[in-house]
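A quick write-up on the structure given underneath.
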Amino acid sequence: MSTNTRRETRNARNKSNQIMRDIGYSILFNIFTVLHIIVDYLIELVLKWYWGPTRMRCPPLQRKQIILTYSVQELARMIRNKEVSCHEVVSAYIDRLNEVNPIINAVIDGPFIEALEQAKVIDERIQRGLISENEFAEKPFLGVPFTTKDSTAVKDKLHTLGIVARKNVKAKEDAECVKLMKDAGAIIIATTSIPEINRWQETRNLLIGQTNNPYDSRRTVGGSSGGEAALITTCGSAFGLGTDIGGSIRMPAFYCGIFGHKPTSGIVNTRGCTLRTGREVSTMVVAGPMTRYASDLRPIMKILVGPKSAITLKLNEQTDLKKLRYFYCTSSGDIRCSPVHSQLQRAMNRVVDHFQTVAPEGVQKVTLKGSEKTSQMWRYWMTQEPASFNNLLGNGKQLSPLVELVKKVGGTSDYTLASVYSLIDSIMPPENADKIKEITRQCDQELTDLLGDDGILFYHSATHSAPYHYSAFVNVFNFSYWCLFNVLHVPVTQVPLGLDPDGLPLGVQIVATRNRDRHCLAVAEELERVFSGHIPPFIID
């Protein structure tokens, strides 16, 4: 047999084997899809019974509080032009925070009464004409109240990371992102709840308990910036700062119907975020804005990245949406995930249909090779993070997963079940490093080749709208729709797309290649214009 014949025979055999593997995987995937549907139905049935038919919703907003619904930029303009006092705005937000927090349980520390004193000082300076045009330009958010999650340091305020051992610990200085917002004139009024060390898909800790979804208190707000999202959507905060290592900005933003932007890795300094120095390399953690309006994301990002980087990232430039190319995925292909709910598929279809009319080349359906291994990729890369979850959870001491499990069973643990679960996961067999690195490389290369310098990918936010509390303990891998883009270090904007028949937020993710945050933000603004953006979880009396 000649060399060419042997090569052809080997190639034919390999092709045949690949076809058989593909057929086998397809059959297995379909079996798992059916099983997921059955399990999801049972989880929904059981938890709906457990939580009961009564759901608490966010209290209505009075007409006199209508200022709370304004955008960040509008508030800043009105304060500057003396159409409303800074004290009036801050006072209104503090009152609303106190009104909604008994329902959503989102605040760790605050409201900060000194914020009212800061507001009075600003009002006095404005009234006396002591603020120059240059100062107004340097402080574009002068007098606008904001919040941030507990794990992001605020000087002299509680900095617990959600754990009992730090219940009285206060930060010695502001995180860099907080400092930048303060320098831009914004006034911080509270810090919000997180899961312990930010690592879970729900916001629950033993310090204040469980944070509830404003649309339905029986359901999750996600994690880890869950307190932020809940407070922003209820108009208890004008805007917020979140962090994101596996969906921690976008997950709560989706479940609570607001906008959230995960920046390109490395463009926002993370000093002071969960004890980071800001000098870490090769980390998936980013800090970014959470807002009710897409139009507020870009000006906040300009502050967070600084003037030089804003120019480099072209955040001041307009984007011609007709010159971008558009793609969409209908599934990650991850066999561990539930199938995407029909309501979310229809929401995606509405987005695709709109951009079919915008883009000359239409919108192309694609699959992303490697996305079916997302949960394994994220699990591996979490082990490469500079900070150790075990060490952070132990407040500087290494914890024994088995000891903590025994304590939890015996009712003496200082940690939630979610944290014990994560500890146990750390001693399970590790992922194959070489294999995961290669899959990550291929997936990164495929996304880069697909999107280039002008491509946008529409990707599902999740498999379901906000699930009932505790669902994540069964559907633990569904968060992979978010964490894929932490692994790839690319920018992503979470966009709300109305409500489903149960009154829960729908949404979609907008993905671009590194340092093209401006394109994500521009597409988000277009979707807000077309699909009305944030729909509040309350009525206005």
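The values are calculated or read from the model by the stated rules, or taken from the named source; none is laboratory data. Computed from a predicted model, the values in this text were never measured in an experiment. Methodologically, a virtual Cβ is constructed for each residue, glycine included, from the backbone with ideal geometry; neighbour enumeration extends over all protein chains shown. Only protein heavy atoms, including side chains, enter the accessible area calculation; ligands, DNA and RNA are left aside. Shrake-Rupley method; radii C 1.70, N 1.55, O 1.52, S 1.80 Å.
Among the residues of segment 52-90, what is the count of those that are outside any loop (DSSP other than H, G, I, E, B), of a type in the set (Ser, Thr, Tyr) and closer than 21 Å to Arg128 by Cα? Summing the residues that are outside any loop (DSSP other than H, G, I, E, B), of a type in the set (Ser, Thr, Tyr) and closer than 21 Å to Arg128 by Cα in segment 52-90 gives 0.
If you take the residues of segment 279-307 that are at pLDDT 95 or above and assigned to a loop (DSSP other than H, G, I, E, B), which of them is most open to solvent (accessible area, probe 1.4 Å)?
Taking segment 279-307 first, the residues at pLDDT 95 or above are 283-307.
Next, from what is left, pick out any that are assigned to a loop (DSSP other than H, G, I, E, B): 283-285, 292-293, 306.
Values: Thr283: 20, Met284: 5, Val285: 13, Arg292: 7, Tyr293: 74, Gly306: 17 Å².
Per the stated criteria, the residue is Tyr293.
Apart from one condition, Ser422 fits all of (1) among the hydroxyl-bearing types (Ser, Thr, Tyr); (2) over 24 Å from Val286 (Cα atoms); (3) assigned to a helix (DSSP H, G or I); the exception is (2).
Of all the criteria given as (1) assigned to a helix (DSSP H, G or I); (2) surrounded by 22 or more Cβ atoms within 10 Å (Cβ to Cβ), the one not satisfied by Ala466 is (1). Looking only at residues that are open to solvent by less than 10 Å² (accessible area, probe 1.4 Å) and not polar (S, T, N, Q) in segment 498-515, which one is farthest from Asp244 (Cα to Cα)? That would be Leu504.
Here Glu317 clears all of (1) within 27 Å of Pro505 (Cβ to Cβ); (2) surrounded by fewer than 17 Cβ atoms within 10 Å (Cβ to Cβ) except the condition numbered (1). Taking the criterion of being open to solvent by less than 30 Å² (accessible area, probe 1.4 Å) and not in a helix (DSSP H, G or I), the residues of segment 95-107 that qualify are Ala106, Val107.
Quick check on my filter: what residues within segment 58-94 are open to solvent by 40 Å² or more (accessible area, probe 1.4 Å), under 25 Å from Phe112 (Cα atoms) and out of contact with any Asp or Glu (no Cβ under 7 Å at 6 or more places or on another chain)? Once the filter is applied, which keeps residues that are open to solvent by 40 Å² or more (accessible area, probe 1.4 Å), under 25 Å from Phe112 (Cα atoms) and out of contact with any Asp or Glu (no Cβ under 7 Å at 6 or more places or on another chain), segment 58-94 yields Lys64, Ile66, Tyr70, Glu74, Arg77, Arg80, Lys82, Glu83, Glu88.
Total residues in segment 77-100 satisfying the condition of being more than 30 Å from the chain's Cα centre (by Cα) and among the hydroxyl-bearing types (Ser, Thr, Tyr): the figure is 1. Hey, any hits in segment 201-210 for a residue that's under 18 Å from the mean Cα position of the chain (by Cα) and not polar (S, T, N, Q)? Yes, there is a match, as at least one residue in segment 201-210 is under 18 Å from the mean Cα position of the chain (by Cα) and not polar (S, T, N, Q). Report, by residue number, each residue of segment 241-277 that is of a type in the set (D, E, K, R) and surrounded by 24 or more Cβ atoms within 10 Å (Cβ to Cβ). Those that are of a type in the set (D, E, K, R) and surrounded by 24 or more Cβ atoms within 10 Å (Cβ to Cβ): Asp244, Arg250, Lys262. For segment 380-398, the criterion of being of a type in the set (Lys, Arg) and under 30 Å from Val523 (Cβ atoms) is met by none of the residues.
Restricting attention to segment 425-446, the residues being within 17 Å of Gln376 (Cβ to Cβ) and assigned to a helix (DSSP H, G or I) number 14.
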